[in-house]
Structure formats: C-alpha cells, structure tokens
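A short write-up of the structure that comes next.
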Amino acid sequence: MSETKRLSKKELKKLKQIEVFQTRPDGVFIGYTVADESPMDPGEYLIPGGAVREEPPEFGEGSRARYDWQAAAWIIEPNPE
C-alpha cells in the first residue's frame, strides 16, 4: 500500500484547504485529510465528520492516539491486544 503525499501548508492555502486529522467513530486516529474553505463563510473550514484540527501527539509502536471528544484532547493509549 502506497502512502499518500501530504501537501505543505503553502500548497493547501493555495487550494483554500487545511489539513485535519481523521478519526474512527471511537476517536482512534487513522490518518490525514483536508477540509475545504466554506464558500459561504470565507476563512471558515468545512471539517469532515470525525476529523479534528488539533494534530495528535506522536506515539510509539504498541500505542495509538485516540481523541476524547468530551475532554477535547488527544490521549495516547496502548494498542488493545
């Protein structure tokens, strides 16, 4: 499986997009995606469902990042066995 190239912030700005961080329904980080600028409200972005603007912290092998929606924060936790 090939990895998708992430665009730089400068490239995204030209496209009127920002990078956001996609999660599964349980909040586990699964990758990067983009949010488009709203055509109705310039400067605001249409964040896809389950995505957040805050970048997850780095995590090592055997662990994962999960977004806690109630605390509005990332949590690093061990991968379930």
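Read-outs throughout are calculated quantities, based only on the coordinates presented, and are distinct from any laboratory measurement. Since the structure is predicted, the reported quantities are computational estimates derived from the model, not experimental observations. Virtual Cβ from ideal backbone geometry, glycine too; neighbours counted across all protein chains shown.
Taking 7 Å steps out from each Cα toward its Cβ at Asp36 and Asn79 produces label points 3.5 nm apart. How large is log10 of I(q)/I(0) for the chain at q = 0.20, 0.23, 0.27 Å⁻¹ when the intensity is taken from the Debye formula with one equal scatterer per alpha-carbon? Values, matching the q order: -0.96, -1.13, -1.29.
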